[in-house]
1. Express in Å², to the nearest 10, the accessible area of residue 50 obtained by rolling a 1.4 Å probe over the protein heavy atoms while all chains stay in place.
2. Ratio of alpha-carbon Rg to the 2.2 N^0.38 Å globular estimate for the stretch 1-81, to two decimals, please.
Amino acid sequence: VYWPLFVLIFYILSPIPTFISRRLSDDDSSSNACRELAYFLTTGIVVSSFGLPIVLARINTIRWGACGLVMTGNAVIFLTILGFFVVFGGGDDFSWEQW
C-alpha cells in the first residue's frame, strides 16, 4: 500500500511559498504582507501533511502503525527544512568560520 507516499507532494510544496516571498520582498520590516501570506500557506501545507495520514488511517486505507511512521517522518523532514531556513536564511553575512 503506497498511499502514505502522497505526503511527498507536501515535502516538495512546503518551502516554495517561503522561497517566493524572499525573492519578492527585499525589506526586513516586521509586518510584510507577502511574508505573512507565505507563512500562512506553509503552515497550511504542513498541517495538511500531518492530517493526510490520519484521514487515511481513519478510513482504513492504511494501518495506524503506518500512520505513526509517516507522522514521525513528517516531523523529521519538516524539522530538517526548518533547520535549513534557520541556518541559510539569515542573510549574506553567513560564514562557515563561525562554526
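The values are calculated or read from the model by the stated rules, or taken from the named source; none is laboratory data. Everything quoted here is computed from the prediction, not taken from an experiment. What goes into the accessible areas is simple: the full protein's heavy atoms, side chains included, and nothing from ligands, DNA or RNA. Shrake-Rupley method; radii C 1.70, N 1.55, O 1.52, S 1.80 Å.
1. Approximately 60 Å² for this residue.
2. Taking the Cα Rg and dividing by 2.2 N^0.38 Å, one obtains 1.30.
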